[in-house]
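Quick notes on the structure that follows.
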Amino acid sequence: MNITIERIMPCLADPEKIRFVAKIDEDISEYLPYLNAIIPKAIYNHTGKSLTITMGERIITIYPNKISAGKINDEKDANEIIKWIKEKIDYCKENKEKIKPDYKRKDKLEVLHVYKLLPQKNCKKCGENSCLAFSIKLINEEKNIIDCKEIFLPEYDEKRKLLFDMLKASGYNVPSFY
């Protein structure tokens, strides 16, 4: 399988970055549910046959015969992303029998949903000025839930359980003791 960049354009969301479209020389639609199973936080659309991945601020969508991506640093970054995707597809091909395909659509977390489950004390112990700022960084994986010390206090047991369930269902890492 070969993946070749067909077009590189300026990014519409950030003029300092680029976007690209790459062609996949074979139909990989059968592997999208397998990729969904092994890539955390992927958003799978079975009907539309696409898988969207966020890597930091980068947004990458894989289709049966192409890849489109935005907020990419430069051409070198684009090639590294393509190499990473190719490795994931090859892994799925080689280990298809060992991977349970995941046809479910994982929901993207909303900042306010996360914020409502945090202590909302704005204690700054996590290094952020507010719980809302922490929510944004948590969703963007710039922070981990263990950075919020308050959520582990007994009075937040119920909120913590709901938050951890929501994070886990969306493919985020939650503490192993949970």
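Among the residues of the stretch 15-40, the ones that are more than 21 Å from ASP90 (Cβ to Cβ) and not β-branched (Val, Ile, Thr) come to 4 in all.
Give ILE60, ILE81 a once-over and let me know the one that is of a type in the set (A, V, I, L, M, F, W, C), part of a helix (DSSP H, G or I) and on the phi < 0 side of the Ramachandran plot. Answer to the selection: ILE81. Would you pick out the residues in the stretch 38-53 that are out of contact with any Ser or Thr (no Cβ under 8 Å at 6 or more places or on another chain), surrounded by fewer than 18 Cβ atoms within 10 Å (Cβ to Cβ) and either in a strand (DSSP E or B) or not hydroxyl-bearing (Ser, Thr, Tyr) (or both)? Correct list: ILE38, PRO40, HIS46, GLY48.
Results for (1) charged (D, E, K, R); (2) not in a loop (DSSP other than H, G, I, E, B), shown as yes or no for each residue.
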{"residue": "LEU109", "(1), (2)": "no, no"}
{"residue": "LEU112", "(1), (2)": "no, yes"}
{"residue": "TYR115", "(1), (2)": "no, yes"}
{"residue": "LEU132", "(1), (2)": "no, yes"}
{"residue": "ILE136", "(1), (2)": "no, yes"}
{"residue": "LYS143", "(1), (2)": "yes, no"}
{"residue": "LYS159", "(1), (2)": "yes, yes"}
{"residue": "LEU162", "(1), (2)": "no, yes"}
{"residue": "LYS168", "(1), (2)": "yes, yes"}
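Can you find a residue that is small (Gly, Ala, Ser) and touching a strand residue (DSSP E or B) at 6+ places or on another chain (Cβ under 9 Å) anywhere in the stretch 27-34? It would help to see each step written out before you state the result.
Taking the stretch 27-34 and keeping what is small (Gly, Ala, Ser), we get 29.
Filter once more, so that each one left must be touching a strand residue (DSSP E or B) at 6+ places or on another chain (Cβ under 9 Å): none.
Scanning the stretch 27-34 turns up no residue that is small (Gly, Ala, Ser) and touching a strand residue (DSSP E or B) at 6+ places or on another chain (Cβ under 9 Å).
If you check CYS148, CYS131, which single one turns out to be surrounded by 17 or more Cβ atoms within 10 Å (Cβ to Cβ) and without any contact (Cβ under 8 Å) to a residue 24 or more places away in the chain? Spell out how you get there, then give the answer.
Numbers: CYS148 fails: without any contact (Cβ under 8 Å) to a residue 24 or more places away in the chain.
One residue alone meets the criteria, CYS131.
Just so you know, in the stretch 14-37 the residues that are exposed (fewer than 11 other Cβ atoms within 10 Å of the Cβ) and closer than 19 Å to ILE72 by Cα include one that is modelled with the lowest pLDDT, and it is PRO15. No other residue among ILE151, ILE89, ILE99 is assigned to a helix (DSSP H, G or I), in contact with a helix residue (DSSP H, G or I) (Cβ under 8 Å, 6 or more places away or on another chain) and not assigned by TED's automatic domain parsing to the domain that holds ILE24 apart from ILE151.
Based on this model, can you work out whether TYR91 counts as more than 19 Å from PRO10 (Cβ to Cβ), touching a residue at least 24 places away in the same chain (Cβ under 8 Å) and within 14 Å of the chain's Cα centre (by Cα)?
no
The values are calculated or read from the model by the stated rules, or taken from the named source; none is laboratory data. For clarity, every value in this text was computed on a predicted model and none was experimentally measured. Note: ideal-geometry Cβ built from the backbone for every residue, glycine included; neighbour counts use all protein chains shown.
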